[in-house]
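The values are calculated or read from the model by the stated rules, or taken from the named source; none is laboratory data. Remember, it's a predicted structure, so these values are computed and weren't measured experimentally. Glycine gets a Cβ as well: all are built from the backbone with ideal geometry, and neighbour counts include every protein chain shown. With ligands, DNA and RNA removed, areas are computed over all heavy atoms of the protein, side chains included. Shrake-Rupley method; radii C 1.70, N 1.55, O 1.52, S 1.80 Å.
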Amino acid sequence: MRGDMRDEGPEEASADGVAGAGSETRAETPEQTWEEVAPAVWRCRLPGWDETVGAVAGAREALLVDAGPSRRAGAAVAARLRDLLGPPVRRVVLTHPHFDHVLGVAAFPGAEVYGSAGLGRYLADAPVVDEALAHGLDPRDAKPDALAGLRVTDVTGETALDLGGGRRAVLVPLGAAHSPHDLAVLVPGTPPVVFCGDLVEESGEPQAGPDARPEAWPAALDRLLALGGPAARYVPGHGAVVDAAFVRAQRRELAERFGVG
């Protein structure tokens, strides 16, 4: 979840020299620009809160990383991906439980949904739709039953999903840091890609709400860096794609900010 509203549209690489979107393959519609950050690995920054959704295509099926802030936003993503990817989206991974990343999952009723252990129970009890309204979601999109009947497969340890044709996505639960249920997605390849959720943010200072565990956040970034390595492309929950140097710098800033090692 973002504590502030973001301007619409993607940004280029930051002044820190981190990897941005400027040289990537793009597929654009009036409200969506999809960037291919590695072969058959895509991401899009949605308008409004500048949240990221990602997609990984295998020969047999595709996987979506986060789903946007509403069923309408998720449906627009689904429509675009039918044209862009080829294989159907049969799996959706939720990196954490904040509204701008989860409410769009209602647009993928046939997909298996994954999250860190306990995420489904958390979403069943949390006031996610109220949170969305408080942050400015159009009331027409804030359906009280948006997550009704949602079943989430618990990810209790590193879990590799086979998407066909040798393409894998590795789901890595990271415990509580930015949120009570953070999870990253590693896509092995050249380069490797790590979808970080809101553990990493490029377009603004990382947001630590009342459900955050700030003391655990730097260690979670250490795990991300170990997971992807120095050559990986790190896809933040908000903002431009970054490199390992950016993640290390943000880790130092968070450790200083929260007074942890």
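Things to note:
- As a rough guide to protection, the peptides 251-259, 178-186, 94-102, 52-60 ranked by mean Cβ packing within 10 Å, highest first, stand as 94-102, 178-186, 52-60, 251-259.
- Among residues other than A220 with Cβ under 12 Å from its Cβ, the summed charge is -1 (Lys and Arg +1, Asp and Glu -1).
- Net charge of the neighbourhood of P173, taken over other residues with C-beta under 12 Å away and scored Lys/Arg +1, Asp/Glu -1, is -2.
- All-pairs Cα distance distribution in segment 76-216, expressed in whole percent, bin size 5 Å: 2, 9, 17, 21, 22, 17, 9, 3, 0
- Taking amide H positions as modeled 1.01 Å from N, with prolines and chain starts lacking one, the residues under 5 Å from V89 and 5 or more places away or on another chain are A62.
- Rounded if a/c under 1.5, otherwise prolate or oblate - segment 140-183, Cα gyration tensor axes: oblate
- Accessible surface, per residue, of segment 28-140 when the full set of protein chains is kept, probe 1.4 Å, Å²: 36 Å²
- Difference of contour (0.36 nm per residue) and Cα-Cα distance, A160 to D222: 20.3 nm
- Simple label model, 7 Å out from Cα along Cβ direction - A134 to E253, nm: 2.5 nm
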